[in-house]
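Everything on this sheet refers to the single structure shown next.
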Amino acid sequence: MMSETRTYNYSLNQVLEASVRALKNCEFAVTEQSSNIIKASTRASFRSWGENIQVKLFPITGGIKVDITSKPVFGIFDWGKSSENVRNIFSEISRELGALNKKIEPEKNSNSQKASIGKSVVSVSAEKRFCRYCGAEHKADAIFCTKCGKKISELVK
């Protein structure tokens, strides 16, 4: 069994819809859905006994906390499949929310400079933060990159 929590700076409805699409993109069948809980599963395959997934959404100040739990239907050991599921689902949620940003992206600040960090080039401005890995723009109080899922400590101001 594997459980992980991340926070996104979007509305409950946006995160709920992105989570449902992410589960479907990862080939999980959504079996139950309410306003803050989604349950999904997969069938047994040559790689696993099948998995049960639960996504819980909690509104908090400034965003939505998302808790994803993955556990095998049968068996004691999942050979890393549960943690792979959680990683993949969070990656898809971030991708879906990132696509939403591209649809409603605000005008870029024309005063921004370029700074080289490692192998990546990121934009730098006083009021915005950008991920050094994927270049996604974030609010100053973001905890995780909504595009690639990296922690804020891995972001650059």
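The values are calculated or read from the model by the stated rules, or taken from the named source; none is laboratory data. Keep in mind that this is a model prediction, so the values were computed, not measured. Glycine gets a Cβ as well: all are built from the backbone with ideal geometry, and neighbour counts include every protein chain shown.
In segment 54-71, is there at least one residue being in contact with a Leu (Cβ under 7 Å, 6 or more places away or on another chain), of a type in the set (V, I, T) and modelled with pLDDT under 95? Yes, segment 54-71 contains a residue that is in contact with a Leu (Cβ under 7 Å, 6 or more places away or on another chain), of a type in the set (V, I, T) and modelled with pLDDT under 95. Q33 meets the stated requirement of being out of contact with any Ser or Thr (no Cβ under 6 Å at 6 or more places or on another chain), modelled with pLDDT of 95 or more and over 18 Å from I143 (Cα atoms). Please verify whether S110 is at pLDDT below 90, farther than 22 Å from N25 by Cβ and assigned to a loop (DSSP other than H, G, I, E, B), treating the condition exactly as stated. Judged against the criteria, S110 is a match. In segment 29-48, the residues that are farther than 17 Å from I93 by Cα and surrounded by fewer than 15 Cβ atoms within 10 Å (Cβ to Cβ) form Cβ pairs under 9 Å with partners that are of a type in the set (K, R) and at pLDDT 95 or above, at six or more places apart or across chains, as follows: T31/K39; E32/K39. Within segment 76-97, is even one residue part of a loop (DSSP other than H, G, I, E, B), at pLDDT 80 or above and of a type outside the set (S, T, Y)? No, segment 76-97 has no match at all.
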